[in-house]
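A quick write-up on the structure given underneath.
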Amino acid sequence: MTNKYIKIIISITVIAIALGLLLYQSLQEYNMESRDSKTLAQSINSVIIEIKGEPERSDAQVELIIRKCAHLLEYIFYTTVVFVVVLINVKRKWLGYLMVFVITIPIPFIDELIFQARTLGRSVSLLDIGIDLLGIAVAIIVGSLNLISNRILLKR
């Protein structure tokens with residue numbers, strides 16, 4: 001095997017692992033009583049009460065914010081992995097960007113419409129799809145700006 005094929009196999013494996021971790025979360029049963037985000041929200045509100053004397057939001061509102069931020073961060077992480085792996089392997093940057101879009105854009109729809117729709121206690125949310133797509137966009141924009149800044153620095 002040549003180094004090119006080994007590099008491609010490793011790249012596909014890294015993307016598959018990142019995707020597996022992302023989709024694994026969707027398959028977890030959603031238990032209304034024992035959620036880590038609920039416990040975290042209660043802790044955050046306790047700290048806010050100590051500082052301000054009263055909470056700005058209810059535990060449920062804080063938990064919703066935590067869960068939506070988790071969606072955003074999951075997709076930023078996933079897209080960053082795909083972005084780096086693809087652009088390392090592809091010489092033509094436009095083709096790399098196209099591949100990143102083709103690999104990442106369908107995943108929020110698959111996650112929500114197939115995996116979460118079939119998991120006990122989970123539901124389909126267009127807001128979650130929108131937040132996931134925002135995470136993809138943020139990762140691609142930040143990655144692109146990083147590439148541009150590196151080119152500018154290398155030309156000096």
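Quick notes on this structure:
- With a Förster radius of 22 Å applied to the beta-carbon distance between VAL90 and TYR24, the computed FRET efficiency rounds to 0.20.
- Most to least packed among 107-118, 76-87, 138-149, 2-13 [average Cβ atoms within 10 Å]: 76-87, 107-118, 138-149, 2-13
- Per-residue ellipticity at 222 nm computed for the chain from its helices equals -26000 deg cm²/dmol, with DSSP H segments shorter than 4 residues left out and the rest contributing -39,500 (n - 2.57).
- Label point at LEU134 placed 7 Å out along Cα→Cβ; residues across the stretch 108-126 whose backbone nitrogen lies under 20 Å: 108-113, 123-126
- Remark: the LYS7-GLN42 segment gains 8.0 nm on full extension, using 0.36 nm per residue and subtracting the alpha carbon distance.
- Taking 7 Å steps out from each Cα toward its Cβ at SER149 and ARG67 produces label points 3.4 nm apart.
- Seen from every direction in turn and averaged, the convex hull around the alpha carbons of the chain projects onto 13.0 nm².
- Here the spin labels are modelled as points 7 Å beyond Cα on the Cα-Cβ line, and at ILE49 and THR119 they lie 3.0 nm apart.
Rule-based calculations on the coordinates, nothing more; no lab input. In this text, all values refer to a predicted model and were calculated from it rather than measured experimentally. Neighbour counts run over all protein chains shown; Cβ positions are idealised from the backbone, glycine included.
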